[in-house]
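Colleague: The structure is given below, and queries will be raised subsequently.
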Amino acid sequence: MAESVVSSVIQFLGALMVEEAKFLGGVADQVDNILDEMMQMQCFLKDADAKQHESESVRNLVADIRDVAYNAEDIIETYILKAKYANFFNPIRLHQIGKEIKTLQSKIQDITRRVATYNFIRIDEGEGTSSTTVRLQQLRQSYPHYDDEDVIGIEDNMKVLIAALINKKGPLLVSIVGMGGLGKTTLAKKIYSHGDVKRHFDCCSWSFISQQFQVRTILQGIIRKVSNPNEETSLERLSDEELKEKLFKLLEDKCYLVVLDDIWSTNAWDDLKPAFPKVKMGSKIMLTTRNKDVALYVDPLGFLHELGCLTNEQSWELFCKKAFPWKNVASSTSSFSYPPEADVDVEKKEKLGRDMIKKCGGLPLAIVALGGLLATKKSIHEWEMVAENIDRYLNKTQKKQEQYGVSWTLALSYHDLPSYLKPCFLYFGLYPEDTEIHKMELIQMWIAEGFMQHNGQGITEEQLGEEYLVELINRSIVQVGERSLHGKVKTCHLHDLMRDLCLQKAKEENFLCSFDGGSSTRDFPSSSSSISMVKSISNHRIRRHAIQFTCERYVSMQQPTRSSHLRAFSLWRPSNERESIVTIKFVCKNFNFLRVLVLEDIKIDSLPRAIGKLIHLRYLRLIRTYWKDIKVPESIGNLRSLQFLTLVGIKRLPNVLWKMEQLTYCCVRNPYSSNIWRVDGLKNLSTLELGVPRGKELLLGNAQR
């Protein structure tokens, strides 16, 4: 994540050096020096960002780099703002900001020295292979002989996959794809040990790959499994290439099955591929992965089976197997068979259990963890305590295994993300729970935030954003909601538990603070939600605020001074008109550096004139679906940096669109107040949607309809 932050700041500073050079004045050399230092840090972060969860010292250094990058962006952007309006600001203030830039430069140089003196090889040779990492590897290790007894709803999946495996004319590859915790490995083990499968193949081998795979160990394990046990060959003496050649010869005249469990990267397959002959004897390679792209890379024409979540009835049946092992669960409507020792609160527990498993969202790992936990809770009071703090209990299933719970399993997918995708994933935290997110608006916000990392391939930022979204989907992190008739993604969402992870990581990275205003919050314990909210909202390092459903305490918790740290603000469905007015006025007055502003179902008559002060705003979405039409002031024309504008449910639109020189996308519904809307001169405008009543005119100029 820190690498992405630094990369974004590098792009920002680089653009300033070109576009705003005349305003940099006497600090141009300092800014150029900061840019060079940031580029050096970026090289360090390419490796450190992925390793920080394994090392405390690396984590601290990465956090310092992230914070200083944020500070650089804030201070220099403040300097530019003041310099642009120097006639209205005291020159002493400009001088003070210049001193802040010098102080910032010293901090950056200090971090650069720490990076240079830090023996980064230790991350790979020392802390990266610490006892904790080894222990985590051992806990995740899969064994085909160890059978999971409590399995529900896999019969149909097994039939389909077994048929694909024993089909001699089918493709070599059979893959099982899905998000972490869905039971891919459990399903693969059931199939691997099935009688029909064992009888079909001459030899079978199971290998656990993981993110820390060692090719040599994997090859040796497969050779030992498929070779004649009477052969005495010292595999330790053979080189990696000799091991691949030996395995190839062992398999070329056999009908073999090799299972590669939990494969994360295409690199792992590239290392193993030369060892497997493509014989026409019905041999198969079965792999399990969270990343659909890996399966497609191994064989684009292979048999790909995507696992889905359990249904409500299947979830309840699996839960009962763990929480009520004495219950007859032949069907979801089966009645309890009370044993003599059963407590009298079992019916109350059943109701609580049904409510709690909704949170699991059909994820078997979470259901098993929750059921196993509740099986140890005897009293109804203990069950109620779990229900009140369901998020915390799901993420930390047992005290001695806190770091190996559901949250940790899902976090592996986050840690495996390339740096450019991490902020894109964390941005989902801006939306309320259970929201179907429109692809177009999400990508537009990514662009407005500067998340797109151009690769020089001549594609648009919108196309690049769509590639980012597809990659998140193929990595089983984001789920598809609705598709178009041509199969393209229209809407998407996060699984509830993946959203919890998103909010957790967003808070850790000072990326986003989300507050729903209820008795509990998604990212704070309910017992101290107010205190936690105060601390988080007043934290000047957090870059984005998402206020959902109610905001009555938000404004009172803010610092009275203007903030240069906030880059995005979203307000979703505030409960009353007063809250809407007070909050929006406060935001427009104090958050002058906003790039993204989302106002969803707000209850106001008109936008405040202060909206025109948000001169850095690049994305504005105002949606009104059940309130009176909203008037838009002429000051909105001051938003010269605006790229994406969506206004739905407005009453008055002044003729100011032509002033928004950077406008790329414009969607305005219900404009009644003017006969002509000028859009001439908007050279970047690619999409224009106006809900123009009959008899009105539109002057297009250089824009495209």
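Where a number appears in this text, it was derived from the coordinates with a stated rule and is not lab data. All values derive from a computational prediction rather than experimental measurement. Note that each Cβ is placed from the backbone with ideal geometry, even for glycine, and that neighbours are counted across all protein chains shown.
Colleague: Report the gain in length on full extension from residue 301 to residue 348: 0.36 nm times residue separation, minus Cα-Cα distance, nm rounded to one decimal. Walk me through the numbers on the way to the answer.
Modeller: Numbers: separation 47, 0.36 × 47 = 16.92 nm, distance 5.09 nm.
Contour length minus Cα-Cα distance gives 11.8 nm.
Colleague: Calculate, for residue 293 and residue 648, the FRET efficiency according to 1/(1 + (r/R0)^6) with r their C-beta to C-beta distance and R0 30 Å; round to the nearest 0.05.
Modeller: Rounded to the nearest 0.05, the efficiency is 0.25.
Colleague: Could I ask something else about it? Compute the FRET efficiency between residue 280 and residue 683 as 1/(1 + (r/R0)^6), taking r as their Cβ-Cβ distance and R0 = 45 Å, and round to the nearest 0.05.
Modeller: Efficiency computed from Cβ-Cβ geometry: 0.15.
Colleague: Now for a different question. I want to make sure I understand the PRE zone here: with the label point 7 angstrom from the Cα of residue 158 toward its beta carbon, which residues in region 272-290 have backbone N atoms less than 19 Å away?
Modeller: From region 272-290, the list is 286-288.
Colleague: Can you bin region 572-681 into rounded, prolate or oblate? Criterion: square roots of the alpha carbon gyration tensor eigenvalues sorted a ≥ b ≥ c, rounded for a/c under 1.5, prolate for a/b above b/c, oblate for the rest. Provide the component values of the computation, followed by the final result.
Modeller: Working: a/c = 1.84, a/b = 1.23, b/c = 1.49.
Here region 572-681 falls in the oblate category.
Colleague: Please tell me which of these pairs span more than 24 angstrom C-alpha to C-alpha: 507/603; 292/358; 189/249; 292/322; 82/585; 159/292?
Modeller: On the way: 507/603 29 Å; 292/358 27 Å; 189/249 26 Å; 292/322 31 Å; 82/585 22 Å; 159/292 21 Å.
Correct reply: 507/603; 292/358; 189/249; 292/322.
Colleague: If I model a spin label as a point 7 Å beyond the Cα along the Cα-Cβ vector, how far apart are those points for residue 28 and residue 202 in nm?
Modeller: It works out to 7.4 nm between the two label points.
Colleague: If R₀ is 56 angstrom, what is the calculated FRET efficiency for the pair residue 167 and residue 110, using the beta carbon separation as r and rounding to 0.05?
Modeller: 0.35
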